[in-house]
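Asks: Handing you a structure now.
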Amino acid sequence: MKAVSPVVIGLERHESFKGGPRAGQPQYLELPCLLTKDGGVVSRWQPTPEERKWIADGCDVFLTIYCGLEAYPPTSVQVMHPTVAWGNTAVEKAEGAMKHFNVIPLAEMPEAAGMLRNPEPPRSRDKDDIPAQPARFNG
């Protein structure tokens, strides 16, 4: 499974990146994400075709959160189609997604530690970008 951008189609301009080399963490890949007003970080994970088959066959999804010895953060796992519609027009869909996830608009985004605004359009990650060993995403 890999993290993908856009996190929510239509909200690309509000995306940030958590961790990764630009945040001084070369051992991690950048996590494309949306910040929420209640302190959440929303990311989208795309299963491989094989993982999709396993899920369809009844396998479970396991989530690992690296929080060290700190308190375990509240966590939410959702399943939805990446083009889920919260309205009829592109604007209504984007506004609906903003409300659903409680996203911080880019203009209001804080310069939080470990959070980077995307200065250039997100690049897609293709098969050649995926390391042979699974990379850990910090979150």
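Asks: Along segment 37-44, what does the Karplus equation 6.51 cos²θ - 1.76 cosθ + 1.60 (θ = phi - 60°) give for ³J(HN,Hα), rounded to whole Hz, x for Gly and Pro?
Replies: Result, rounded to whole Hz: 5, 9, x, x, 10, 9, 10, 10.
Asks: Apply 1/(1 + (r/R0)^6) to the Cβ-Cβ distance of residue 46 and residue 70, taking R0 = 22 Å, and write down the FRET efficiency to the nearest 0.05.
Replies: Details: r = 28 Å, r/R0 = 1.28.
For R0 = 22 Å, the calculated efficiency reads 0.20.
Asks: Output the peptides 66-75, 6-15 sorted from most to least packed, where packing is the average of other Cβ atoms within 10 Å over each peptide's residues.
Replies: On the way: 66-75: 8.1, 6-15: 19.9.
Top of the packing list down: 6-15, 66-75.
Asks: Between residue 44 and residues 5 or more places away or on another chain, which pairs have amide H atoms under 5 Å apart, with H built 1.01 Å from N, and which residues are they?
Replies: For residue 44, whose amide H was placed from the backbone, the distant partners under 5 Å are 4.
Asks: Then there's this: Given axes a ≥ b ≥ c from the Cα gyration tensor, I'd like to know whether segment 1-51 is rounded (a/c under 1.5), prolate (a/b larger than b/c) or oblate. Can you show the working numbers first?
Replies: Details: a/c = 1.90, a/b = 1.07, b/c = 1.78.
Oblate is the answer for segment 1-51, as a/c is 1.5 or above yet b/c matches or exceeds a/b.
Asks: Another one. Can you pull the one-decimal nm distance between simple spin-label points at residue 60 and residue 86, each 7 Å off the Cα toward Cβ?
Replies: Calculated label separation equals 3.0 nm.
Asks: Follow-up. Going by amide H atoms built from the backbone, whose H comes under 5 Å of the H on residue 28, apart from near neighbours?
Replies: 20
We did not get these values from a lab; they are worked out from the coordinates using the rules stated. Keep in mind it's a predicted model, so treat the numbers as computed, not measured. All Cβ positions, even for glycine, are placed from backbone atoms using ideal geometry, and neighbour counts span all protein chains on display.
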